[in-house]
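Engineer: Please see the structure below; I have some questions.
The values are calculated or read from the model by the stated rules, or taken from the named source; none is laboratory data. Bear in mind the structure is a predicted one, so any value in this text is a computation, not a measurement. For neighbour counting, all protein chains shown are included, and Cβ atoms are generated from backbone atoms with ideal geometry for every residue, glycine included. These accessible areas exclude ligands, DNA and RNA; they are computed on the full protein's heavy atoms, side chains included. Shrake-Rupley method; radii C 1.70, N 1.55, O 1.52, S 1.80 Å.
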Amino acid sequence: RGGGGGGGGVAGSSCGGRCFGPEGVHGLPSPSWYAIAAAAPFFHLCMFVPLPLLLLVFVMRVQDLWAVTVAPPTVHGAEPEISLDLFRPNFFTLLQQRASGDLYLLPLVEGVLYEWLAVCIATLVRLLLYYVDVDEKACPPMARYLIRGVRYAYSALFTLHIWLYCSLAMMVCCWVVLAAALDPTRFLAFGTAILTTVSAVAWWTSAMMRAARRFRAWVRTALDRMLHTRVRLAALAIQRAALVEDYQRDTLSDPAAAAVAKAELESLTAEEKRLRAVQGRGLWQGGRA
């Protein structure tokens, strides 16, 4: 995304574009800089685009099974589409047939396909805005609102995307469990694996939540003890200063009062040592005490 500093780019950085290797000359970025700059968007695309493609492959497999088993020859005057249609020599012919309604897709498969394409296009636009690194403060108000609108819209779209895919995955898992009950010889292992995974995730989630609550209570108790100790030490310091002043004033004029002040000073000293010992044990032992 460019170098740091106020330059806003590689030329604006203090290293002159040679931060990632000695190959850079005349202030130009080195080849390693180009490699890193290309790897970042590549990994971003690998995170947001190919992973949902696996689910798209699954729903196309569902389309294939439906097309070759229970589908009629024509559905509303259209031929059921299969995965082999995607590998025709002329791909534009496939698009033309799909647009004209000569090929039929299940509504679920068609919805997943179009949703995936929409998310891919929105992801490319969002990554473009991210790596262009536009300074919003220097943009006109309308452009600033447009950039923020794109960010919020993509956040909502990606949230809906994750929710739809999780819902579809859970629906598939439910069908696999049902299939395990209907045909145990073929699907019992898959149904058992799904139930075991869901149970393990639920158990670990509850265990981690309980551990988080205990940790939060422990931290709160430890911080309360530390705060109480520091406040008490501050109050003892104020009392010590007052007693030292009284002791110095009454040493010659009133020996009895000076003796009382000396005894109180010794008591304060013992109390301070005890509190400092508690404070010195640290947050861990202080929270366990």
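Engineer: Quick one: count up the residues across the stretch 109-129 that are open to solvent by 50 Å² or more (accessible area, probe 1.4 Å) and of a type in the set (Ser, Thr, Tyr).
Structural biologist: 1
Engineer: Any idea which residue in the stretch 258-280 is farthest from Asp246 (Cα to Cα), counting only those that are of a type in the set (S, T, N, Q) and touching a helix residue (DSSP H, G or I) at 6+ places or on another chain (Cβ under 9 Å)? Full working, then the answer.
Structural biologist: Restricting attention to the stretch 258-280, the residues satisfying the condition of being of a type in the set (S, T, N, Q) are 267, 269, 279.
If we keep only those that are touching a helix residue (DSSP H, G or I) at 6+ places or on another chain (Cβ under 9 Å) as well, we get 269, 279.
Details: Thr269: 16, Gln279: 29 Å.
Looking at the filtered set, the residue picked out is Gln279.
Engineer: Suppose the filter is open to solvent by 90 Å² or more (accessible area, probe 1.4 Å) and over 25 Å from the mean Cα position of the chain (by Cα); does Arg214 pass it?
Structural biologist: Spelling it out, it is not the case that Arg214 is open to solvent by 90 Å² or more (accessible area, probe 1.4 Å) and over 25 Å from the mean Cα position of the chain (by Cα).
Engineer: Only one of Pro73, Pro89 is open to solvent by 60 Å² or more (accessible area, probe 1.4 Å), at pLDDT below 75 and assigned to a loop (DSSP other than H, G, I, E, B). Can you tell me which? Even if it seems obvious, please write down each step before you answer.
Structural biologist: Working: Pro73 fails: at pLDDT below 75.
Answer to the selection: Pro89.
Engineer: Would you check if Asp133 is over 28 Å from Val198 (Cβ atoms) and of a type in the set (Asp, Glu)?
Structural biologist: For Asp133, the condition - over 28 Å from Val198 (Cβ atoms) and of a type in the set (Asp, Glu) - is met.
Engineer: Of all residues in the stretch 130-172 being at negative phi and assigned to a loop (DSSP other than H, G, I, E, B), which is least open to solvent (accessible area, probe 1.4 Å)? Don't jump to the end; show me each part of the working.
Structural biologist: Quick first cut of the stretch 130-172, residues at negative phi only: 130-132, 134-172.
Imposing the further condition that a residue be assigned to a loop (DSSP other than H, G, I, E, B) reduces the set to 134-135, 139-140.
Numbers: Val134: 58, Asp135: 92, Cys139: 25, Pro140: 84 Å².
That would be Cys139.
Engineer: Something else about it: Does Ala181 fit the bill of being part of a helix (DSSP H, G or I) and modelled with pLDDT under 85?
Structural biologist: When the stated conditions are applied, Ala181 passes them.
Engineer: Further, regarding this structure: Report yes if Met226 is over 30 Å from Thr269 (Cβ atoms), open to solvent by 50 Å² or more (accessible area, probe 1.4 Å) and among the aliphatic types (A, V, I, L, M), otherwise no.
Structural biologist: For Met226, the condition - over 30 Å from Thr269 (Cβ atoms), open to solvent by 50 Å² or more (accessible area, probe 1.4 Å) and among the aliphatic types (A, V, I, L, M) - is not met.
Engineer: Report whether or not Leu45 is out of contact with any Cys (no Cβ under 8 Å at 6 or more places or on another chain) and surrounded by 15 or more Cβ atoms within 10 Å (Cβ to Cβ).
Structural biologist: On the way: out of contact with any Cys (no Cβ under 8 Å at 6 or more places or on another chain): yes; surrounded by 15 or more Cβ atoms within 10 Å (Cβ to Cβ): no.
When the stated conditions are applied, Leu45 does not pass them.
Engineer: Would you confirm whether any residue within the stretch 190-201 is at negative phi and touching a residue at least 60 places away in the same chain (Cβ under 8 Å)?
Structural biologist: Applying the first criterion (at negative phi) to the stretch 190-201 yields 190-201.
The next check asks that each one be touching a residue at least 60 places away in the same chain (Cβ under 8 Å); those that pass are none.
Scanning the stretch 190-201, I find no residue that is at negative phi and touching a residue at least 60 places away in the same chain (Cβ under 8 Å), so the answer is no.
Engineer: Looking for something under 26 Å from the mean Cα position of the chain (by Cα) and at negative phi - is there at least one such residue anywhere in the stretch 173-181?
Structural biologist: yes
Engineer: While we're on this one: Looking at the stretch 212-227, I want the residues that are closer than 20 Å to Arg276 by Cα and touching a residue at least 40 places away in the same chain (Cβ under 8 Å) and have a partner that is outside any helix (DSSP H, G or I) and open to solvent by 100 Å² or more (accessible area, probe 1.4 Å) with Cβ atoms under 8 Å, at least 6 apart or on another chain. Which pairs are those?
Structural biologist: Here the result reads none, with nothing in the stretch 212-227 linked to a residue that is outside any helix (DSSP H, G or I) and open to solvent by 100 Å² or more (accessible area, probe 1.4 Å).
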